[in-house]
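First comes the structure, then the notes that go with it.
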Amino acid sequence: MMQHNSYQRRQHGVALIMAILVVALATIIAVSVATDSYMDQRRTSTALLVDQAYEVALGGEAEAAAVLEQDQQDRTGQQFDATYEKWAQPVVLPIEDFGELRGNIEDLQGRFNLNNLVNTTGVADPEYLAQFTDLLERVGVDTRWAGIISDWIDGDNQAGFPNGAEDSVYAQRTPGYLTANRPILHTSELLSMVDSYGKAFGRDNYNKLEPFITALPIDTPLNVCTASPEILDSLTGDPSYTDFSSASGRATLIENRKGACFPKITDVRAAFQTKQKGFDALMLKHGAYLAEKSKYFRTNIFVTLGTTEFAMYSVLQRTGNGQKVHVISRSFGSP
């Protein structure tokens, strides 16, 4: 009788353990199903918000194009694009109390065009190379990269002396690749470049240089009305010369740009010509390099919807008589 009772107690104990295991397993399954369902909902919600943000960004891009078209139509004898105009002013628009759109239009012709480093025949251009070397020193990037970047674009496979790099260097990378030997399509190509020792250009250098460079068709002119002080002074080819990038020069630039194109081409020539041999050489060979009008712009659009953030950058070209604007390229996440 005692053995029978002991046996029953053991059976009850086993049954209790099994019941606990079943409850625990059911709980785990329920939590897993609930978590998966929640994550699916979150992913779906995020995907929908990203899609909505993209559509909002496209609307911002279309509005930017319309502003640039209107800017051309509103001209009354004014033949320049300057930083005080409506197209150059940043905007912030609320989106139904759920988010906002922030955006601005930037004149890409106020930057140094990397593709000008090489002429239309695929040969390095010494005058533009001198300007770019000056710019690199001004922004704190090793000047040897001027020749390395030129090597990446030029049409031959001969490494420039002393720091150039061509296919023989890039093929040794992991994974290996070749030089482009063609105009740059996007400034981020700099992140693929290395020197003759295999040292990469790097993100730090790129962050220093990116605000001053662009990738446009060869021989696209520079708009002096929108160029930064560093770009303007780099025209001299002499980093020690700081007519516009000095403290007083920057203050003058800001003040004079509040309601006009400044400096005009004549102002730049008066400031630099006969004073800087580099400028004289550049103007002698590329007399049409300086301009006061632009046709290449970039929209920088940032959309926030709830906790979702979306960034889109679009390169726009104003063509013909300036009354049509076309989208050349779009990029997302970073310029």
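When segment 229-265 is filtered for residues that are in a loop (DSSP other than H, G, I, E, B), touching a Lys or Arg at 6+ places or on another chain (Cβ under 8 Å), over 18 Å from Ala281 (Cβ atoms) and touching a residue at least 60 places away in the same chain (Cβ under 8 Å), only Ser245 remains. Summed over segment 158-199, residues that are surrounded by fewer than 16 Cβ atoms within 10 Å (Cβ to Cβ) and polar (S, T, N, Q) total 6.
Counting the residues of segment 240-275 that are of a type outside the set (Val, Ile, Thr) and farther than 18 Å from Leu222 by Cα gives 13. Out of segment 267-289, which residues are within 27 Å of Val327 (Cβ to Cβ) and either in a strand (DSSP E or B) or among the small types (Gly, Ala, Ser) (or both)? Selection gives Ala288 alone. Under the condition of being surrounded by 14 or more Cβ atoms within 10 Å (Cβ to Cβ) and in contact (Cβ under 8 Å) with a residue 40 or more places away in the chain, the residues counted in segment 139-157 number 8.
Rundown of residues vs (1) at pLDDT 70 or above; (2) closer than 30 Å to Ala227 by Cα; (3) outside any helix (DSSP H, G or I); (4) not assigned by TED's automatic domain parsing to the domain that holds Phe297, yes/no style:
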residue: Ser6; (1), (2), (3), (4): no, no, no, no
residue: Ile17; (1), (2), (3), (4): yes, no, no, no
residue: Arg43; (1), (2), (3), (4): no, no, no, no
residue: Gly59; (1), (2), (3), (4): yes, yes, no, no
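Among residues of segment 175-202 that are under 21 Å from Ala124 (Cβ atoms), those with a Cβ under 6 angstrom from a residue that is of a type in the set (D, E, K, R) and assigned to a loop (DSSP other than H, G, I, E, B), sequence gap 6+ or separate chain, pair up as Thr179/Glu166. When the criteria are applied in full, Ser314 fails the requirement of being touching a helix residue (DSSP H, G or I) at 6+ places or on another chain (Cβ under 7 Å), assigned to a loop (DSSP other than H, G, I, E, B) and surrounded by 14 or more Cβ atoms within 10 Å (Cβ to Cβ). Residues in segment 317-333 that are modelled with pLDDT under 95 and either crowded, with 17+ Cβ neighbours inside 10 Å or not assigned by TED's automatic domain parsing to the domain that holds Gln52 (or both): Arg318, Gly322, Val325.
With a requirement of 2 or more residues that are under 24 Å from Lys208 (Cβ atoms), in contact with a strand residue (DSSP E or B) (Cβ under 8 Å, 6 or more places away or on another chain) and at pLDDT 95 or above, the helices (runs of 4 or more DSSP H) lying completely within segment 87-194 that satisfy it span 126-139. The set of residues from segment 84-99 being of a type in the set (A, V, I, L, M, F, W, C) and surrounded by 14 or more Cβ atoms within 10 Å (Cβ to Cβ) comprises Trp87, Ala88, Val91, Leu93, Ile95.
The values are calculated or read from the model by the stated rules, or taken from the named source; none is laboratory data. As the structure is a computational prediction, the values presented were derived from the model and not from experiment. Positions of Cβ are backbone-derived with ideal geometry, glycine not excepted, and every protein chain shown enters the neighbour counts.
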